[in-house]
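Accompanying notes for the structure given below.
The values are calculated or read from the model by the stated rules, or taken from the named source; none is laboratory data. Computed from a predicted model, the values in this text were never measured in an experiment. We place every Cβ from the backbone using ideal geometry, glycine too, and count neighbours over all the protein chains shown.
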Amino acid sequence: MIYGADHGLKQCNEKSFSLSLSLSLSLSGWVGVRGMRVYTSGDVQAVNGTDVWLKCTFETSATIRPATLVVSWSFRPLGPGHEESVFYYQEKPYPPMDGRFRKRAMWAGDIFSRDASIIIREVKFTYNGTFSCQVKNPPDVHGNVGEVRLRVVHSSPFSEIMMLALFIGGGIVLLLLALVVIVLIRRRRKKRDQDAPGARREYKDPTMW
């Protein structure tokens, strides 16, 4: 009987320890961590000399803490060349102090909205390549790295101005067609009323010319 009581007490202590450990891990954020998920806009095209927005958003199961959340952007050129840092964020933006992106990279995100986007000002043809966005929010430090493939061109093949012009032109054409249809319908009705049996005809005096 004493052995059974000791055995039961031991099992109770083990369950209490397991429950306490699980609760501690849950409170510390180590249980149920799914890992970081980063999403980008993929392929982006920009006209030489214009600004381009590089979109990067993320999902994290851990609480966002500005002191520990880190966003880092890097660039790998399309041609020969080494990978270089583009932007760094931790509590506040840290734009590059040197390199090709000095005074060109700007913070455009909001970590509390899970947005780590940046803007590259006045893009050049040397910016053709792959931009990588990495976000770490401890304990979510493992996950995919988002990539944006930028293509800088001389001019946009189908600009927003052209789209606006086509939209306005199409609206005008539709309006003119509607007016023509209305006029034709009215003329047809008028002619039908005049040709209808019993329609009142105007009397003309044959002696008057």
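Taking the residues in region 99-134 that are among the hydroxyl-bearing types (Ser, Thr, Tyr) and in a strand (DSSP E or B) as candidates, determine which candidate is surrounded by the fewest Cβ atoms within 10 Å (Cβ to Cβ).
Checked region 99-134; the qualifying residue surrounded by the fewest Cβ atoms within 10 Å (Cβ to Cβ) is Thr130.
Scanning region 49-71 for residues that are within 20 Å of Val123 (Cβ to Cβ) and either touching a helix residue (DSSP H, G or I) at 6+ places or on another chain (Cβ under 6 Å) or assigned to a strand (DSSP E or B) (or both) returns Val52, Trp53, Leu54, Cys56. Would you pick out the residues in region 135-156 that are under 21 Å from the mean Cα position of the chain (by Cα), among the β-branched types (Val, Ile, Thr) and either under 19 Å from Ser85 (Cα atoms) or assigned to a loop (DSSP other than H, G, I, E, B) (or both)? Matches in region 135-156: Val135, Val145, Val148.
Out of the residues in region 135-145 that are touching a Ser or Thr at 6+ places or on another chain (Cβ under 9 Å) and more than 18 Å from Pro77 (Cβ to Cβ), which is surrounded by the most Cβ atoms within 10 Å (Cβ to Cβ)? Among those that are touching a Ser or Thr at 6+ places or on another chain (Cβ under 9 Å) and more than 18 Å from Pro77 (Cβ to Cβ), it is Val135.
If the condition is being surrounded by 15 or more Cβ atoms within 10 Å (Cβ to Cβ) and among the hydroxyl-bearing types (Ser, Thr, Tyr), then region 62-84 contributes Thr68, Ser72, Ser74. Residue by residue through region 45-61, note down the ones that are surrounded by fewer than 18 Cβ atoms within 10 Å (Cβ to Cβ) and over 14 Å from Asn137 (Cα atoms). Those that are surrounded by fewer than 18 Cβ atoms within 10 Å (Cβ to Cβ) and over 14 Å from Asn137 (Cα atoms): Gln45, Val47, Asn48, Gly49, Thr50, Asp51, Trp53. Here Ile161 meets the list (1) of a type outside the set (Ser, Thr, Tyr); (2) modelled with pLDDT under 95; (3) not in a helix (DSSP H, G or I) almost entirely, failing just condition (3).
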